[in-house]
Amino acid sequence: METQVNSFTLEIRDDGIALLTMDVPGESMNTLKAAFVDEVRAVLAKVRDNNDLIGMVIRSGKPDSFIAGADISMLDACKSAADAEQLAKAGQTLFGEIEALAIPVIAAIHGPCLGGGLELALACHGRVATDHGKTVLGLPEVQLGLLPGSGGTQRLPRLIGVAKALDLILTGKQVRAKQAKKLGLIDDLVPPSILLDAALKLVKQGKPKRHLKRDLQGKLLETNPLGRKVLFDQARKGVMAKTRGNYPAPLRILEVVKTGVEQGMSAGLAAEAHYFGELVATAESAALRALFFATTEMKKEVNYQGAAPGKVSHVGVLGGGLMGGGIAYVTASRAGVPVRIKDVAHAGISNALRYSFDLLSKKLKRRQILRSELEKQMSMLSGSLDYSGFHRVDLVVEAVFEDLALKRQMVADIEQAGQGKVIFASNTSSLPIGQIAEGAAYPQQVVGLHYFSPVDKMPLAEIIPHAGTSAETVATTLAFARAQGKTPIVVKDEAGFYVNRILAPYMNEAARIVLEGEPVESLDGALLDFGFPVGPINLLDEVGIDVGAKISPILERELGGERFQAPAAFDKLLKAERKGRKNGKGFYLYGKAAKRGKKLVDASVYEVLGIKPVAKLGNEEMAERCVLMMLNEAAIALDAGVVASARDGDIGAIFGIGFPPFLGGPFRYMDSMGLDKLVARLEHYQQRFGERFAPSPLLKRMSLEGTRFYPN
């Protein structure tokens, strides 16, 4: 017997087990929608009315997805916090009905089981998952400025313990099925081919009897009031250290979990629904959801200017340094494409191979991959001192020194080795792509592909076509970058492209503030409080003081303007051989002199610069001066067509620099400030410090017109 209710099919097997299959029409993945509440209730009514049933299995009709979460767009329909609270209560009630069924209910999980999908699985009496790489479980709501709203904050701690549950809910991280089994999140782990059989077997065993197994730390901290106080106090300290109070969701998560632990499930669910509604209405969640929609929208833009991407089956990488090694790694391990690495020395090739091996070994040690997977991925990497093997590559990524003549020679070499069929993508961070393409036989196949370091962690890639780059080349490069796990944006071929262009004035202003005598730690702390993941002076140490010194003159020469002039006093740092982390000498201490777990400023740097540090400025003014320079430059870049839209500019700044995601990016932040106020603040600093703070013509025009970068 089979019953169909829109996205849900109920099948009653001869052995008395019901199969409830979810398959949302027209979508590649299942997502939960508000309309499903009534549909599932109708199905559950039939289950309750059938006295012959001995159990039920909930599964997906999609080949590679269980339930990827809730449909986030339904939150935008909520006109108030109360509306969102009612949405959460509806989900809680529905999942409560599943949990209350007299028969055992088992979730059969293959593919992503995230957010509301995992909350549904938690409401079941047992869970079995496949050992496939696509099967991941997690509650990522915090990444959207929210908390799990359908019972996840209450059921997960009761299933795996408070400390382990907080680790998952506060970070939003996803775990593979093997890790989930170890945590106690699932009951069984099986190959995909026997998933249903395993779920049916679990059903026939009846409702599993739960006995929460805690480790020694869990027993000490979770089983008594004093221990729980220590646990939640430490968790709060960790949250504040990480977020500096800029994100409200983690603190609410702690409060809701604590309520459930101390006052019981009903009180916990009430708190969960209340704070879910409250968080949906916050500006932080609105900004994070907008970012989610923007990146989702970008992924759907497969073609570029009407051109479809070509196929990339083999890739070449020129240069075995840190960037080359990182590019080779993400190409082989994420894009699944074989890589041929060329370097002038065996040591370069060895370093590039070691880069991948070390990263894969860490995954193996953490049991995220099997040794066979490590060996398979390493087998996709090979190296050579010449261009042997390059006749079969479709795309080459060049990651050699920032030398124009050298890069032009690379173009010529690849055109000869690849017989004119290869896309040449340069990872330059400062040289114009048009200049690299000069003299090329096939300039239409030359493009910029700018990664950020470290390549395996930084999500952004800038795609830079020059005037002669073909649309198909751009489309292919975009598709390739996405396959590597990147979020790519197309930017204009101008000095600094987009990310480095808006970063330079910000960094220069930070340098000026230090030279005015402000302590380095005060300045960096001010920008951390603002929401950046790392302070500007710390960032300068990480990138390399010498690298910053090379980029600034190029930007100043190509773009002009006082805002790109790096303070001359920084030449003293280079004369003193202070390059930053790379040589252990910069603004901060490194090596044995550094204190473990805490950044300490190297006080001798003040002597080199000829200043005596005295804190005079407030955090707000220091942050405002730096951030206003970035905002103004972003507006100038948009006006010049460096980025195609405010959306691309926001994504570039968040994923490339770490602009605070909860502010939505430079353009959303400018909208929220009000452009008239922004112009007034720029003019205030212009009067104090000069023309580098002069508001861009675009900002002044939009301020007078009362327009915004995004519609209301």
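For the reader, a short list of remarks on this structure follows.
- Helix 36-49 axis versus longest C-alpha principal axis of the chain: approximately 20°, rounded to the nearest ten.
- Using alpha-carbon coordinates, inclination of helix 404-417 to the longest axis of the chain, degrees: 60 degrees
- Placing R0 at 51 angstrom, the Cβ-Cβ distance between residue 707 and residue 14 gives a FRET efficiency of 0.15 after rounding to 0.05.
- Counting Lys and Arg as +1 and Asp and Glu as -1 over every other residue whose Cβ lies under 12 Å from the Cβ of residue 453, the net charge comes to +1.
- On full extension, the segment bounded by residue 405 and residue 542 gains 46.6 nm, given 0.36 nm per residue less the C-alpha separation.
- Residues whose placed amide H lies under 5 Å from that of residue 426, excluding near-sequence neighbours: 398, 447, 448, 449
- Karplus 3J(HN,Hα) series, Hz, for the stretch 228-244 with 6.51 cos²θ - 1.76 cosθ + 1.60 (x for Gly, Pro): 5, 4, 4, 4, 6, 5, 5, 5, 5, 4, x, 4, 5, 5, 7, 9, 6
- The separation of the stretch 117-183 from the stretch 436-451, counted between C-alpha centres, amounts to 46 Å.
- Computed over protein heavy atoms with a 1.4 Å probe, the carbon and sulfur contribution to the accessible area of the stretch 565-712 reaches 51%.
- Solvent-accessible surface (1.4 angstrom probe) belonging to residue 457, in square angstrom, nearest 10: 150 Å²
- Solvent exposure, largest accessible area first (probe 1.4 Å, DNA, RNA and ligands not counted), of 317, 400: 400, 317
- This model, with +1 at the C-beta of Lys and Arg and -1 at the C-beta of Asp and Glu, gives the chain a dipole about its Cα centre of some 2440 debye.
- Accessible surface of the stretch 451-554, 1.4 Å probe, proportion on carbon and sulfur as whole %: 59 percent
- Reachable aspartates and glutamates from residue 46, criterion Cα separation under 12 angstrom, eight or more residues apart if same chain: 2, 11
- The residues neighbouring residue 504, those whose beta-carbon lies less than 14 Å from its own, together hold a net charge of 0 under the Lys/Arg +1, Asp/Glu -1 convention.
- Positive-end extreme of charge dipole, the chain - chosen from 12, 646, 396 (charges on Cβ): 12
- Loop GluC sites (Glu not before Pro), the stretch 301-406 (other Cβ atoms within 10 Å of the site Cβ: 16 or fewer; DSSP): 301, 402
- Environment charge of residue 237, counting only residues whose C-beta is closer than 14 Å and scoring Lys/Arg +1, Asp/Glu -1: +3
- Relative contact order of the chain, taken over Cα pairs closer than 8 Å and 6 or more residues apart, is 9 percent.
- Inter-part distance where the stretch 481-546 and the stretch 329-346 are each reduced to a Cα centre, Å: 29 Å
- Of 182/365; 178/376; 300/457; 207/365, pairs whose Cα-Cα distance is over 25 Å: 207/365
- A simple spin-label model places the labels of residue 595 and residue 366 2.8 nm from each other, with each point 7 Å out along Cα-to-Cβ.
- Bridgeable lysines around residue 700 (alpha carbons under 25 Å apart, same-chain partners fewer than 8 residues away excluded): 492, 677.
- Karplus-derived HN-Hα couplings along the stretch 518-532 (A = 6.51, B = -1.76, C = 1.60, θ = phi - 60°), whole Hz, x at Gly and Pro: 6, x, 4, 5, 5, 5, 4, x, 5, 7, 5, 4, 5, x, 6
- Computed [θ] at 222 nm, helices only, for the chain once each DSSP H run of length n ≥ 4 contributes -39500 (n - 2.57): -15500 deg cm²/dmol
- Charge dipole of the stretch 233-378 about the Cα centre (unit charges at C-beta), most positive-ward option of 303, 315, 281: 315
- Ordering of 537-546, 105-114 by packing [mean C-beta count within 10 Å, highest first]: 105-114, 537-546
- Between amide H atoms placed 1.01 Å from N, distances below 5 Å from residue 383 occur with 341, all of them 5 or more places distant or on a separate chain.
- Sequence of 171, 223 when ordered by accessible area, the most exposed leading, probe 1.4 angstrom: 223, 171
- Accessible-area order (highest first, 1.4 angstrom probe) of the listed residues 639, 676: 676, 639
- Rounded to the nearest 20 debye, dipole of the stretch 74-148 from Cβ charges on Lys, Arg, Asp, Glu: 140 debye
- In the context of the full set of protein chains, the stretch 167-226 has a per residue accessible area of 64 Å² (1.4 Å probe).
- Axis of helix 646-656 versus longest Cα principal axis of the chain: the two differ by about 90°, to the nearest ten degrees.
- Apolar share of the accessible surface for the stretch 265-362: 59 percent from carbon plus sulfur atoms, 1.4 Å probe.
- Amide H to amide H distances under 5 Å link residue 135 with 111, where only residues 5 or more positions off or on other chains count and H is placed in the peptide plane.
- Integer Hz, Karplus 6.51/-1.76/1.60 couplings in order for the stretch 688-697, x for Gly and Pro: 7, 10, x, 5, 5, 9, 4, x, 5, x
- The packing ranking of peptides 385-393, 646-654, 463-471, highest mean first, is 646-654, 463-471, 385-393, where packing means the average number of other beta carbon atoms within 10 angstrom of each residue.
- When both the stretch 411-426 and the stretch 29-89 are represented by their alpha-carbon centers, they are found 52 Å apart.
- Annotation: per residue accessible area for the stretch 307-382 equals 49 Å², rounded to a whole number [probe 1.4 Å, protein chains only].
- FRET E, pair residue 350, residue 80, Förster distance 45 Å, beta-carbon r, rounded to 0.05: 0.15
- The distance between label points at residue 576 and residue 42 comes to 7.5 nm (points 7 Å beyond Cα on the Cα→Cβ vector).
- Total charge dipole magnitude, the stretch 177-311, about the Cα centre, Cβ charges on Lys, Arg, Asp, Glu only, Debye to nearest 20: 560 debye
The values are calculated or read from the model by the stated rules, or taken from the named source; none is laboratory data. Bear in mind that the values here come from a model prediction, so they are computed numbers and not experimental data. With ideal geometry, Cβ positions are generated from the backbone for all residues, glycine too; neighbour counts draw on all protein chains shown. Accessible surface areas use protein heavy atoms only, side chains included; no ligands, DNA or RNA. Shrake-Rupley method; radii C 1.70, N 1.55, O 1.52, S 1.80 Å.
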